[in-house]
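Written below as C-alpha cells is the structure these notes are about.
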Amino acid sequence: MPRPLIQRSTEELSVLFDEWRNDHANLRVLFDELQHRDRPRAVKLREQVEQVLRGGHAEQADDKNRSKQGELPLSENGGAAKRTEKKKAKDEKPPAPQPKTTTRAQQPRDEPEPYSKFTLIQPLGVSGRPTPYRPEMLNDLRLDVSPGDPLVKIYRVALAELILEMKQRKIGHRQFILEDGELVSTEGSGFSYQFEFAEDANLFEGAQIELVIGGRSVSGSLTAILQGRIVITLSEDYGANIGACVLRIDNTALIQALHDRLQKIENGEVTTFRADFATKLITNEGDARPPAPLPKQKCSDLNEEKQRFIRVALANEISWLWGPPGTGKTRTLTVLARLLYDDGKRILICSNTNQAVDQVLLQLCDEMRKAGDATLDEGRVVRLGRIEHDELRRKYEDTITIEGIVARKSEELHRRKTQIETELLRLGSEIAGAEAILRRFAELDGAEAALVSARAALSLAESKFNECATAARGATASRASLQEELAT
C-alpha cells in the first residue's frame, strides 16, 4: 500500500488533521499512515482520527463509496478490514511453489516492527473506547526438518534462519566508539591493542570484529575480555597507540558460534556432548529420583519447601526452581551451590543478567568470609564478565576477578623480585669493583711479562757485549803486534 504521507512529521500530520476534519477520504489516508507509527503523540492522533471517522453518517457513506472502489473501510476493532477482490484473485496466476527449505512471510520494509504495537493499554473505567489494534504477525516459517530429526538439527536450522533474518533486516550490527588504544603485544600473528570498554555488548573471546580507523575498515578478533577492558588483535600495525576508532560488532556472531557448535555436534565431532541430557533438559522428561538427605546445620534458615528443593536438586541431574520475586530463590541457590562445593563439585552459575549472578555470588562470598573459608584467598571463586552489583564490586572485586586474583597471587613474587633486583644491584657493584681489581692484576701480569722480556733482552745484549769486547781486545793486541813488527 502506498504511503503518501510517510515523509510528514507527527506535527505536520496533526495540522493536516485539523484541515481535513470534514474530509473523510483524506482522513482515511491520514489514518492509514498513523497505523504505521507507535509514538505516543502519533497513537493519540490516530485515536482522534478514528473517533472522527466513526462519528457520523458521512463515514458510512464514504465506506460504501470506498468499498465500491476496492479500498479498505475501517472495521469495528479500529483496524483495516480485508478487501475481497474475487475477480482480481481469479485473474491472477497462482503463486509459484516455494522451495522446501524455507518459506518466510516477508514484511514491507517501511512497516514497523510487528511486536512494537501488540496492544494499546486502555485506562481502567473508561468506556466507549475502540478495541486495541492487534496486527497480524507475519512470522510463519517452515524449517527444512523432518519429524524424526534430533533436537540438535532443529535448533541449528532455526538458528540459521534467525541469523538470515537479522542480516536481511539489517539489525545484525552494533557500533561503539573506542579511544586510547594501547599496543600491548606484537607476538603471534597480529598486533594486540587494549581499550577501555564498559558496555554490555554480549561479547565473547574469539569473536570476529571490525574496526574503522581513520575511515579505513580493518578486520580483527576479540582476544580477551577483562574487567572494564578488551583486547583486540589486528593483522596490521597501527603504531603504539590508536587515538580513536569505531568498533563494529556482529550481533549474529554469538548465534553463529552456537550454530557452528551444534553443527559439529550433529556431525559427531564433539564426543563430550550429552544429547540425552540436553533433550531431557528441554523437554523436562525423565523420572525423578527420591530426595537426598540434607545436612540440617547448613539449611537451618530455609523453610521446608526450600529444603525439599535442595534435597531434590542434590539427587537429580536436572531440577527446576520457580517463584516470583522476593520468595527466596537466590538464597536457596546460594545454599545449594555451597553444598555442592563442599561436596567437591565444580559449580558454574550463569544467568541472562549479570545482576542475578552477582546476587548469588555476593551471598556465597559473604558466607565464606564469615566462616573464615580460605576458598576466596586461594582464588577458587572466579567471576567472569562485568560485575554490576556495587556491593560485590566494592567488597570482593580484588578477590574474585581474574585480575585481582593474579595481582594478589603475584604479591609474593613481586616482593621476591624486588629483593632479587636489590641483591643484583649490590652484586653488580661488587662485581664492578672486582673487575677493576682484576684489570689491575692483568696489568701487573703484563708488566711482569714485559720485565722478564726486558731482562732476557738485557742478558742477550750483555752476552753480545762481552763477545764484542773480547773481539775488540784481540783486534787491539793484533794491531799492536803488527805495528811493532813493522817498526823494526
Worksheet item: Hey, any hits in the range 217-235 for a residue that's buried (at least 16 other Cβ atoms within 10 Å of the Cβ) and part of a helix (DSSP H, G or I)?
Response: no
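Every residue, every condition in (1) in a helix (DSSP H, G or I); (2) at pLDDT 50 or above, yes or no:
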{"site": "Leu27", "(1), (2)": "yes, yes"}
{"site": "Glu33", "(1), (2)": "yes, yes"}
{"site": "Asp38", "(1), (2)": "no, yes"}
{"site": "Arg46", "(1), (2)": "yes, yes"}
{"site": "Gly55", "(1), (2)": "no, yes"}
{"site": "Glu76", "(1), (2)": "no, no"}
{"site": "Arg83", "(1), (2)": "no, no"}
{"site": "Lys90", "(1), (2)": "yes, no"}
Worksheet item: Which is in a strand (DSSP E or B) and either over 28 Å from Leu364 (Cα atoms) or over 33 Å from the mean Cα position of the chain (by Cα) (or both), of Ala244, Ala292?
Response: Ala244
Worksheet item: Out of (1) open to solvent by less than 70 Å² (accessible area, probe 1.4 Å); (2) part of a loop (DSSP other than H, G, I, E, B); (3) not charged (D, E, K, R), the odd one out for Thr279 is which?
Response: (2)
Worksheet item: Which members of the range 241-267 meet the condition of being exposed (fewer than 10 other Cβ atoms within 10 Å of the Cβ) and either modelled with pLDDT under 90 or β-branched (Val, Ile, Thr) (or both)?
Response: none
Discussion item. Yes or no: the range 302-316 includes at least one residue that is of a type in the set (A, V, I, L, M), open to solvent by less than 70 Å² (accessible area, probe 1.4 Å) and assigned to a loop (DSSP other than H, G, I, E, B).
Written reply: yes
Item to complete: State which residue pairs qualify: first residue without any contact (Cβ under 8 Å) to a residue 24 or more places away in the chain and inside the range 11-39, second residue of a type outside the set (Phe, Trp, Tyr) and outside any helix (DSSP H, G or I) in any location, beta carbons under 8 Å apart, and separation of 6 or more residues or different chains.
Response: Leu16/Leu5; Leu16/Arg8
Discussion item. Step by step: first the residues of the range 340-363, then only those that are closer than 14 Å to Ile387 by Cβ and of a type in the set (A, V, I, L, M), then the one that is most open to solvent (accessible area, probe 1.4 Å). Which residue is that?
Written reply: Ile349
Discussion item. What pairs come out if I take residues in the range 213-227 that are of a type outside the set (Gly, Ala, Ser) and modelled with pLDDT of 90 or more and pair them with residues that are open to solvent by less than 40 Å² (accessible area, probe 1.4 Å) and assigned to a strand (DSSP E or B) whose C-beta lies under 6 Å away, six or more apart or interchain?
Written reply: Ile213/Cys245; Val218/Leu211; Val218/Leu234
Response to the item:
Residues of the range 224-235 being touching a strand residue (DSSP E or B) at 6+ places or on another chain (Cβ under 6 Å) and over 14 Å from Ile402 (Cβ atoms), in sequence order, are Ile232, Thr233, Leu234
Discussion item. Please go through (1) in a helix (DSSP H, G or I); (2) touching a residue at least 24 places away in the same chain (Cβ under 8 Å) for Glu423 and return the number of the only condition it doesn't satisfy.
Written reply: (2)
Item to complete: Kindly list, by first and then second residue, each pair from a residue in the range 383-399 that is in contact (Cβ under 8 Å) with a residue 40 or more places away in the chain to a residue that is assigned to a loop (DSSP other than H, G, I, E, B) and open to solvent by less than 80 Å² (accessible area, probe 1.4 Å), limited to pairs with Cβ atoms under 8 Å and residues at least 6 apart or on different chains.
Response: Arg386/Ala198; Arg386/Gln227; Arg386/Gly228; Ile387/Gln227; Ile387/Thr401; Glu397/Gln227; Glu397/Ile387
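The values are calculated or read from the model by the stated rules, or taken from the named source; none is laboratory data. Since the structure is predicted, the reported quantities are computational estimates derived from the model, not experimental observations. Positions of Cβ are generated from backbone atoms using ideal geometry, with glycine treated the same way; all protein chains shown enter the neighbour counts. SASA here: full protein model, heavy atoms, side chains in, ligands and nucleic acids out. Shrake-Rupley method; radii C 1.70, N 1.55, O 1.52, S 1.80 Å.
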